[in-house]
Every structure is written in structure tokens, then in C-alpha cells.
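Take a look at the structure below.
None of the figures in this text is laboratory data; all of them are computed from the coordinates on show. Values in this document were obtained by computation on a predicted structure and should not be read as measured data. All Cβ positions, glycine included, derive from the backbone under ideal geometry; neighbour counts span all protein chains shown.
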Amino acid sequence: MTIKEPVEDFATDWDHTDPRWVRDPYPIWATLRETCPVAHTDRYGGGWFPTTHEMVSSIANDTEHFTSRMVVVTNNKFPPNFIPAPMGGAPPITSDPPFHAIARRLILPAFAPGPVNALEPQIRSLCRKHLDAMAGHEFVDAGTGYAQFIPPGVIAQMLGFPAEDEDIFREIVHFILDLVDLAPEERGEMSEPTLNYFSNQIDDHLANPRDDLTSYLLNVEVGGKKLAREHVTGTIVLILVAGIDTTWSAIGAALWHLAQHPSDLARLVSEPELMPLAVEEFLRFYAPVTMARLVNDDYEFFGCPMKKDDWVLLGFPAANRDPEVFERADTFIIDREVNRHAAFGLGIHRCVGSNLARLELRVALEEFIVRFPTFTLANDADVTWAPGQVRGPRQIPIRVLS
Amino acid sequence: MKVRIDPDICQGQGRCFSIAPGLFGFDELGNGVVIGDGTLQADTLALAQLAQANCPEHAIFIEE
Ligand code: HEM
């Protein structure tokens, strides 16, 4: 990996992998919003970072000037095995209209509230299993011992992949989302084993079809034709990557917050009916997912001369802290009633997994605080945060008080 | 007063049917739908307004 110059001025040289941004991006974003409000960088081949809710919303809703062909900022806008728009490498997230609607519609029913809510008992028992393993210890890790285990188990089951492959899933996610600084050649080489893993799973499902999302995608027909194999692979990779460290980050951030805010923890324990409001506020305040777009053609946006193929970092988490839209935006209010947050995106790419993510977050928190009604952060200096566009705490050392 | 969801704006964010399950449901794609004809009483008006204030897509309309 190349050693990078530290950032001196985020307004003209932003880098979302800079250690200060990774640790605590909110003051950086607040300053940019007040003084800039669209930051620029020459890193990653050039890109912009708009910081207001209005701008984020208008980009998310403008698929004419901004393409979703690439949604993760890396040094490589045109990888060798690249599949162009309108499908892109991971439909529907990398797709543009009109193909996007087709690819999205295929997977929406599986993630609608009906089928998702039916998963609640399993999610609950998965949480209890991991809490049982933590029982009796005064010091536990709410990240590596708990949060990271919940989403992969659910996704493995939906896709019909072996549950014991969880470590492989986390490696894949780490490669795609965290290691964005690799040189283009390094990224190319590393995706081989990843692609092989999915290829083997697909072959296995072709040979032994079963009742899961993978077999469904292999069999479903659009206009009388089955999907291209690369479409199936792309969607499966997407579901796995989008479904794992996003929700893991959300669960982790919520537990990290509760470990430092005993009054919020006490209220949730004594007023469990607050949980739905609390979940939305956790999602607003610690929104884990930042997306990206590429500029389709030269375009002036709020006075900024954007050039074809410039990156645009689409900061839903930054939009969620905009004081124009949220009262006391930088204050966590556990029973905030009006909370029009954008944690799951805005417009046609709204997170397909949002019902599932909310369910996992709620159940994981409910089970954790029933088991451990009081706990505190053992040492904030040991908390590590995932870099890149999905941000959340990884190590969360906790001291259980009761 | 009546509440309606504009299906061209709704993206299935799911806030309305969580906040006011008596007023809103969802279709097989997970998009929000109004239950019944959307007529609001004094007590349901406030709930509909709360759902409206939480809709990230501004897809909920309350009209005479
Ligand atoms: C707290 C957890 C999660 C957060 C914050 C989150 C956030 C997001 C955001 C912001 C987008 C919009 C992408 C864009 O505009 O380019 C998105 C898209 C997506 N998410 Fe999630 N996500 C979460 C969990 C999940 C889960 C659990 C799944 C599925 C298993 C999932 C599947 C997807 C898919 C398939 C898309 C693409 C939708 C499209 O392009 O039409 N996500 N997510």
C-alpha cells in the first residue's frame, strides 16, 4: 500500500481514509458545511464531497448527471473486469435507469416487511447464542464478540451459503470496502479468490437447487430469459457486502454509544417501548454508509465545475447532521420524534435491506441490554473504527457492571 | 382530511407503516400504501402528520 500524504486541508484535499476522518468525521464535516460547503480532492483521480442535506438529496435524485456505475471510491475507476452501466458489476446498486428498476424489483419482495419480519425468532436466538458465550465475563468485546456475528448469519441463510463460511464473508467485505487504497494492480489480483468463492457457490446451487435467494436468482426470468450469470453473481456479492458490515457497524455504534451514555442506557432498559425511536436516532446519528457516484458529463453543481468521471462522495451521514434539517443536529436525542434521516439513502437506490437492518439492529440491542443492563466502555483508546465508506467501531471493549 | 402516498415518490423507506400501522401498510415490494380510503379523524390526523414529517422522500400528502 502506498504511504499517503497526511491531509492538511479537507476543503481542498479531502480523504475519507485519513485517520482523523476515520476516528471522528463530524467536526470535519461541520466545518466544511459552514465554510465550503463542497470539498474537493485530487486524490483517487479527483472528486467532490458535498456536505449539506440539500446537495446530497439532489445528487441522489439526479441519475441523469450522476451515475452509480461505481459506488465505492478507489484508485481505479475502470477496473479490468469492469461491467459497464446500465447494469454495472453489482446490480442494482451499480445500475442506472432504466435497467436499475428491473434488477431492483427482482430482489425487493424477499426484503419486504413480511418475509423479513418472519426472521425475528432466528435473529433473536442468534443474538442469545453469542450472548451466552459472553456470559460470566467482566470484560467483553461488543464488536468482535457480538455485533460482527449477527448480520453474516442472517445473510448466509438467505443466500443459502454455508454458515461456517462467515470468516470468508468478512474477508470479502474487508477487501471490497476497507482496502480502497490499494494500487489498481493489487486490487485486480486480490479479487480472484473472491470471484472463485461465488462461482463455486453458484455452481453448487445450479447442481442442487434449493429454496433460497441464490436459486431464486438463478431461475427467475425477465422477459422470458434467465439472468446473465454475471448479473446473478453481482447481485449476490452486493447482498453479502451490503448486508454485513453495514448492520454490524450500526449495531456496534449503538452499543458504543450506550456504553458511554448511562442515562440513555437506563432509559432504554426501563422504557423498552422507546426502542423504535432510539433505533431511528442511532441510524441518523451514526449512519454508517457513505456512497459514491461518478459525474456523467461535465456539469456545474452549486457553482462547482464538476468534470466527467470525477468522483462524488455521497455523504448520507453528513446530510444527517445538517442543522438546516435537524434541530440540534449534533445532539443525540433518544426519543427524537421527527427524524427524517437519510441513513438508508434517498431516491431510487433506497437500501433494499432497510427492513432487515432495522430488525437486526432492534433485536440485537434488545437482547444485549436485557442480558447486560449496565455496562461501560472499558477503554475508548482501544476502540478501532473501520475506514472507508462504511464506518463503524470494530473493537468495542466493554466492562459489564450487571 | 385525507392522507395519500404518491407511489411515484415513495421508495419504500418504511417509516409510515412503522409509525402509524393503523393508517399505512405495505405492498409486496415493501412500498407504503394507505389503508382504506385515507380519511382522517381528529385522532388519526396527528399520527398521519407525524408519519409525513418522518418520510425521507416527502411522499405523503394530507389534503382537504
Ligand atoms: C444499517 C444497515 C444499512 C445501512 C445504513 C445501509 C445503507 C444503504 C444505503 C445508503 C444505500 C443506498 C446506496 C446508493 O444510494 O447508492 C443502500 C443500498 C442497498 N442496500 Fe443497504 N444498508 C444497510 C443494510 C443493508 C442490508 C442488511 C442489506 C441486505 C441484505 C442491504 C442491501 C442493500 C442493497 C441491495 C442496496 C442497493 C439498492 C439499489 O441500488 O436499488 N443493506 N444501503
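When the square roots of the Cα gyration tensor eigenvalues are ordered a ≥ b ≥ c, the ratio a/c for chain B is 1.5 or more and a/b exceeds b/c, which makes its shape prolate. Calculated [222 nm] ellipticity per residue, helices only, for the protein assembly as shown: -13000 deg cm²/dmol; basis is -39500 (n - 2.57) per DSSP H run with n ≥ 4, divided by all residues, nearest 500. Out of B:VAL3, B:ASN31, B:ILE19, whose Cα points farthest toward the positive end of the dipole of segment B:2-63 (charges: +1 Lys, Arg; -1 Asp, Glu; placed on Cβ)? Checked the options; the winner is B:ILE19.
For segment A:81-157, the alpha-carbon radius of gyration amounts to 1.59 times the rule-of-thumb value 2.2 N^0.38 Å expected for a compact globular protein. Taking a straight Cα-Cα cut-off under 16 Å and skipping sequence neighbours fewer than 8 places away in the same chain, the aspartates and glutamates within cross-link reach of A:LYS226 are A:ASP203.
Ranked highest first by average number of other Cβ atoms within 10 Å, how do A:383-393, A:266-276 line up?
Highest-to-lowest ranking by the protection proxy: A:383-393, A:266-276.
Across all directions, the average flat footprint of the convex hull enclosing the Cα atoms of chain A is 19.2 nm². Sorting the segments A:299-305, B:31-37, A:335-341 by their mean number of nearby beta carbons within 10 angstrom, highest to lowest, gives A:335-341, B:31-37, A:299-305. Counts of other chain beta carbons within 10 angstrom of each beta carbon in peptide A:109-117 average 3.
For peptide B:6-14, the mean count of partner chain Cβ atoms within 10 Å of a residue's Cβ comes to 5. Computed about its Cα centre, the charge dipole of chain A is approximately 840 debye, with only Lys, Arg, Asp and Glu carrying charge at their Cβ. Shape call for segment A:34-91 from the C-alpha gyration tensor, a ≥ b ≥ c root eigenvalues: rounded (a/c under 1.5), prolate (a/b greater than b/c) or oblate? Because a/c hits 1.5 or more and a/b fails to exceed b/c, segment A:34-91 counts as oblate.
Rounded to the nearest 20 Debye, what is the dipole magnitude of segment B:2-63 about its Cα centre when Lys and Arg each give +1 and Asp and Glu each give -1 at the C-beta?
Working: 3 positive and 8 negative charges, 36 e Å.
Its charge dipole is roughly 180 debye.
Placing R0 at 22 angstrom, the Cβ-Cβ distance between A:THR12 and A:ASP297 gives a FRET efficiency of 0.40 after rounding to 0.05.
Could you tell me which of A:TRP248, A:SER57, A:PHE326 has its Cα farthest along the dipole of the protein assembly as shown towards the positive end, charges placed at Cβ (Lys, Arg +1; Asp, Glu -1), taken about the Cα centre? Comparing the listed Cα positions along the dipole, A:TRP248 ranks first. The lysines within cross-link reach of A:LYS308, meaning a Cα-to-Cα straight distance under 28 Å and a gap of 8 or more places when in the same chain, are A:LYS4, A:LYS77. Bridging of B:LYS2 to aspartates and glutamates at a Cα separation below 14 Å is possible for B:ASP37, B:ASP43, B:GLU63, B:GLU64, once same-chain residues fewer than 8 apart are set aside. The convex hull built on the alpha-carbon positions of segment A:248-402 has an orientation-averaged projected area of 10.4 nm². Amide H contacts of A:ALA386: A:GLY392, A:ARG394, each under 5 Å away and 5 or more positions distant or on a separate chain (H built 1.01 Å from N in the peptide plane; Pro and chain starts excluded). Counting only C-alpha contacts under 8 Å and six or more residues apart, can you give the relative contact order of chain A as a whole percent? Here the relative contact order equals 25 percent.
Each principal axis of the Cα cloud of segment A:1-116 was taken in turn, and the coordinate range along them, longest first, works out to 45, 34, 29 Å. What separates the Cα centres of segment B:1-62 and segment A:323-374 is a distance of 19 Å.
Classified by the C-alpha gyration tensor, segment A:19-64 has an oblate form. Its axis ratio a/c, with a ≥ b ≥ c, is 1.5 or above, and a/b does not exceed b/c. Projecting the Cα atoms of A:ALA163, A:THR194, A:TYR299 onto the charge dipole of the protein assembly as shown, computed from C-beta unit charges around the Cα centre, puts A:ALA163 farthest toward the positive end.
For segment A:1-150, the Cβ-based charge dipole about the Cα centre amounts to some 700 debye (Lys, Arg positive; Asp, Glu negative; other atoms uncharged).
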